[in-house]
Amino acid sequence: MIGRVVLAVLLAGIAAGLVMGAIQHVRLTPLILEAEAFERAGDPASHSHAATPDAGTPTAGEAESDGHDHDHGEGWAPEDGWQRTLATTVTAAMTGAGFAAMLAAVSLLIGLPITRRNGIMWGLCGFLAVTLAPAVGLPPELPGMAAADLFARQVWWVGTIAATAAGIYLIATQKRLWTLGLAAVLIIAPHVIGAPVAPHGEGMVPAELVARFVANSIAANAIFWCIIGLFLGLVMDRTAKDIYAT
């Protein structure tokens, strides 16, 4: 049983990673490189130290997290070109497999199967909880953007995902009026509390570039999650549907 679920998770992750790697290469990496140029131009230290590439948040192709501090590290980083594309694709596949495992675990835990008919819906729910809801307060970041305290962002990001996922679960499984009201409260609460605010006047990246990156990143993640859900549903429907009957 576990082997079949693992197979479904791996296939979904690889499929999503390949597509996300292509999208990242065409739509997101050029914007990241442009932002890195602004960051180097505005940081005197960058003239003597190479900047470590950073994709910002929450871009599935490079990192699905609440954000990174854009330090100038001394460690190895992939060169622009095929190394960066390969590293992005591998990272996206690993991230996709992780998210597919999360969806499969939730499905088994609550007893709601992921099938070829509802796989995309599962993916969209993951997108809403993990990408879209946090992006309302903490949009994807580019190198050179001003950012609030890292720990505060992580706490708000994790709390928003948990609250949104719980709200989606209640909407999907409960029909009583009070549970739907509770779901609405859970989904809205993180945004009423508010995300940590970045310092003003410290960003080095033009607002137009930031807006383009945020829009492209969120759209790319929507596709990424839909592919995860679709392939997870297709494979589990063929190989693991009897798990829910046991």
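Readers should treat all values here as calculations from the given coordinates under stated rules, not as data from a laboratory. No experiment lies behind these values; they were computed from the predicted model shown. Neighbour counts run over all protein chains shown; Cβ positions are idealised from the backbone, glycine included.
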FRET efficiency estimate (nearest 0.05) - Cβ-Cβ, ARG238 to HIS200, R0 35 angstrom = 0.10
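Stretch ALA189-LEU18 to full length: gain in nm at 0.36 nm per residue minus the Cα-Cα span?
On the way: separation 171, 0.36 × 171 = 61.56 nm, distance 3.54 nm.
The ALA189-LEU18 span can extend by a further 58.0 nm.
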Between MET145 and residues 5 or more places away or on another chain, the pairs with built amide H atoms under 5 Å apart involve MET204
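What is the gain in length, in nm to one decimal, between ALA222 and PHE151 on full extension, counting 0.36 nm per residue of separation less the C-alpha to C-alpha distance? It would help to have the intermediate numbers written out before the result.
Numbers: separation 71, 0.36 × 71 = 25.56 nm, distance 2.60 nm.
Length difference between fully extended and current span is 23.0 nm.
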At R0 = 51 Å the Cβ-Cβ FRET efficiency linking ALA37 and THR173, nearest 0.05, sits at 0.60
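Quick one: if the Förster radius is 22 Å, what FRET efficiency do LEU124 and VAL158 give, using the C-beta to C-beta distance and rounding to 0.05?
The computed FRET efficiency comes out at 0.60.
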Using packing as a proxy for protection, rank 89-100, 212-223, 150-161, 187-198 so that the peptide with the highest average count of other Cβ atoms within 10 Å comes first.
-> 89-100, 212-223, 150-161, 187-198
